[in-house]
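Visitor: Here's a structure for you.
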Amino acid sequence: MFENRLLKVYKHKSKLAKRQGITCYRVYDHDLPEFPFCIELYEDKVYLAEYLRRHGMTDEEHEAWLEICVACICKLLDVKDEIVYIKQRKRKANRHDQYEKTDSKQEYFTVMENGLKFLVNLTDYLDTGLFLDHRITRKMVYEQCAGKRVLNLFAYTGSFSVYAAAANAASVTTVDLSKTYLQWAEDNFAINLLKNKDQYFFIHADVKQYLKTLQPNSFDLVIIDPPTFSNSKRMKDFLDIQRNHVELLNDVLHAVSKGGTVYFSTNFTRFVIDKENIQATTIKDITRATTPFDFEGRLKRWCYRIGK
Ligand SMILES: C[S@@+](CC[C@H](N)C(=O)[O-])C[C@H]1O[C@@H](n2cnc3c(N)ncnc32)[C@H](O)[C@@H]1O
């Protein structure tokens with residue numbers, strides 16, 4: 001059953017990826033409930049994550065079952081099993097976790113997207129360093145960034161920032177609470193030979209507090225992609241995206257120039273935007289327009305283009 005399904009989706013998606021010149025894409029995501037995997041291709045490497053669930057198998061039985069599944073994936077995707085990376089995706093231990101380290105192999109390698117380079121790590125963290133579902137959004141941002149002062153909030157490894165810098169933004173400011181991810185973002189700039197230190201800023205801060213320090217008309221284009229919940233010792237208060245999005249977006253808009261644009265994304269499935277209380281001139285839902293072929297019908301995030 002798994003073989004048939006994987007073969008079918010791989011044939012279909014690899015054809016579309018090839019046509020669009022895409023080398024990193026999601027092949028399979030929990031298509032069959034009995035095989036709760038997420039499978040992504042990062043060029044010649046396979047990222048395989050198993051969603052944790054009560055499977056009723058003993059550890060030995062589970063190990064044997066996984067081995068058969070991996071063999072099947074290797075055969076169908078035509079890869080050697082040493083480049084299948086296995087991760088067990090569990091729910092975060094508590095909703096305040098920023099990120100979870102899963103290993104410390106420190107194996108980074110470079111992949112390409114739209115002619116730009118990104119470092120990915122398939123073993124050490126819950127996520128790989130490049131969120132594939134925002135491929136189209138990154139391109140959109142790229143097309144609008146030339147000459148603009150760009151701010152990337154909750155920037156993670158700075159993939160939006162790299163696109164902005166490559167598009168000749170006037171300045172690119174990258175903000176994240178994690179020093180690890182900020183360094184990763186700087187490394188992504190370095191491998192793309194984006195070296196203009198005077199125009200690129202990497203800021204280690206809590207976004208909620210950082211926004212309160214900004215003057216009006218500080219930025220022209222902002223990307224804001226917050227986690228659903230966030231808390232840490234550095235924060236005075238925790239962030240709950242449903243509860244806090246109006247305040248957060250109004251603080252962003254306060255710092256944006258007239259005619260400026262904010263790209264806002266959230267992974268909170270049950271998110272409802274409170275349009276009336278956001279001080280914007282336009283709010284457009286661009287979830288569909290930013291959904292890549294490999295996430296069609298299964299994307300659980302929202303994306304908006306907000307104008308001032
Ligand atoms: C969903 S990821 C953002 C993904 C990113 N926009 C991308 O497309 O690659 C969330 C990021 O927010 C950061 N973060 C969480 N809480 C934060 C806070 N209060 N202030 C700043 N960054 C925070 C995390 O460290 C993580 O890198």
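The values are calculated or read from the model by the stated rules, or taken from the named source; none is laboratory data. Computed from a prediction, not measured in an experiment: that's the story for all the values here. As a convention, Cβ positions derive from the backbone with ideal geometry for all residues, glycine included, and neighbour counts pool all protein chains shown.
Visitor: Can you name the condition, by its number, that residue 209 falls short on among (1) part of a loop (DSSP other than H, G, I, E, B); (2) at pLDDT below 95; (3) polar (S, T, N, Q)?
Guide: Answer for residue 209: the failing condition is (1).
Visitor: Turning to a different aspect of this structure: Here is a list of conditions, (1) within 12 Å of the ligand (Cβ to nearest atom); (2) on the phi > 0 side of the Ramachandran plot; (3) surrounded by fewer than 20 Cβ atoms within 10 Å (Cβ to Cβ), and residue 114 meets all of them except one; can you say which number that is?
Guide: Unmet for residue 114, out of (1) within 12 Å of the ligand (Cβ to nearest atom); (2) on the phi > 0 side of the Ramachandran plot; (3) surrounded by fewer than 20 Cβ atoms within 10 Å (Cβ to Cβ): (1).
Visitor: Is it the case, given these coordinates, that residue 229 is crowded, with 18+ Cβ neighbours inside 10 Å, of a type in the set (Phe, Trp, Tyr) and at pLDDT below 95?
Guide: yes
Visitor: Can you tell me which residue is farthest from the ligand (Cβ to nearest atom) among those in region 130-144 that are closer than 20 Å to residue 207 by Cβ and touching a residue at least 40 places away in the same chain (Cβ under 8 Å)? If you could, list the steps in order and put the result at the bottom.
Guide: Of the residues in region 130-144, the ones closer than 20 Å to residue 207 by Cβ are 131, 134, 137-138, 141.
Applying the additional criterion that residues be touching a residue at least 40 places away in the same chain (Cβ under 8 Å) yields 134, 137, 141.
Details: 134: 5, 137: 8, 141: 10 Å.
Applying the filter and picking the extreme gives 141.
Visitor: Identify all residues within region 193-222 that are touching a Ser or Thr at 6+ places or on another chain (Cβ under 7 Å) and of a type in the set (S, T, N, Q); write none if there are none.
Guide: 199, 217 - these are the residues of region 193-222 that are touching a Ser or Thr at 6+ places or on another chain (Cβ under 7 Å) and of a type in the set (S, T, N, Q).
Visitor: Please specify each residue of region 278-308 satisfying the condition of being aliphatic (A, V, I, L, M) and within 22 Å of residue 242 (Cβ to Cβ).
Guide: The answer is 278, 280, 283, 286, 299, 306.
Visitor: Of 148, 75, which residue is at pLDDT 95 or above and away from the ligand (no atom under 16 Å from the Cβ)?
Guide: Numbers: 75 fails: at pLDDT 95 or above.
None of the others qualify; the one that does is 148.
Visitor: Give me the pairs: first residue in region 248-263 and at positive phi, second residue at pLDDT 95 or above, beta-carbon distance under 9 Å, and six or more apart or on different chains, which are they?
Guide: 259/220; 259/281; 259/307; 259/308
Visitor: Please go through region 146-171 and pick out each residue that is on the phi > 0 side of the Ramachandran plot and of a type outside the set (Phe, Trp, Tyr).
Guide: The answer is 147, 158, 168.
Visitor: Next question. If residue 176 satisfies all but one of (1) among the acidic types (Asp, Glu); (2) touching a helix residue (DSSP H, G or I) at 6+ places or on another chain (Cβ under 7 Å); (3) surrounded by fewer than 20 Cβ atoms within 10 Å (Cβ to Cβ), what's the number of the condition it fails?
Guide: (3)
Visitor: Can you tell me which residues in region 170-206 are closer than 26 Å to residue 239 by Cα, of a type in the set (Ser, Thr, Tyr) and assigned to a strand (DSSP E or B)?
Guide: Listed by number, the residues that qualify are 173, 174.
Visitor: Only one of 214, 299 is closer than 20 Å to residue 140 by Cβ, out of contact with any strand residue (DSSP E or B) (no Cβ under 7 Å at 6 or more places or on another chain), in a loop (DSSP other than H, G, I, E, B) and not assigned by TED's automatic domain parsing to the domain that holds residue 20. Can you tell me which?
Guide: 299
Visitor: Which residue is nearest to residue 305 (Cα to Cα), if the candidates are limited to region 153-186 and must be of a type in the set (S, T, N, Q) and more than 7 Å from the ligand (Cβ to nearest atom)?
Guide: 161
Visitor: Okay, moving on. Do you know which residues across region 1-13 are at pLDDT 95 or above and either within 16 Å of residue 113 (Cβ to Cβ) or crowded, with 17+ Cβ neighbours inside 10 Å (or both)?
Guide: 6, 9, 10, 13
Visitor: So, one more: Quick check on residue 189: is it in the same structural domain as residue 126 (by TED's automatic domain parsing) and in contact with a Lys or Arg (Cβ under 7 Å, 6 or more places away or on another chain)? Spell out the reasoning first.
Guide: Numbers: in the same structural domain as residue 126 (by TED's automatic domain parsing): yes; in contact with a Lys or Arg (Cβ under 7 Å, 6 or more places away or on another chain): no.
No.
Visitor: Of the numbered conditions (1) among the aliphatic types (A, V, I, L, M); (2) touching a strand residue (DSSP E or B) at 6+ places or on another chain (Cβ under 8 Å); (3) away from the ligand (no atom under 14 Å from the Cβ), residue 246 satisfies every one except a single condition; which is it?
Guide: (2)
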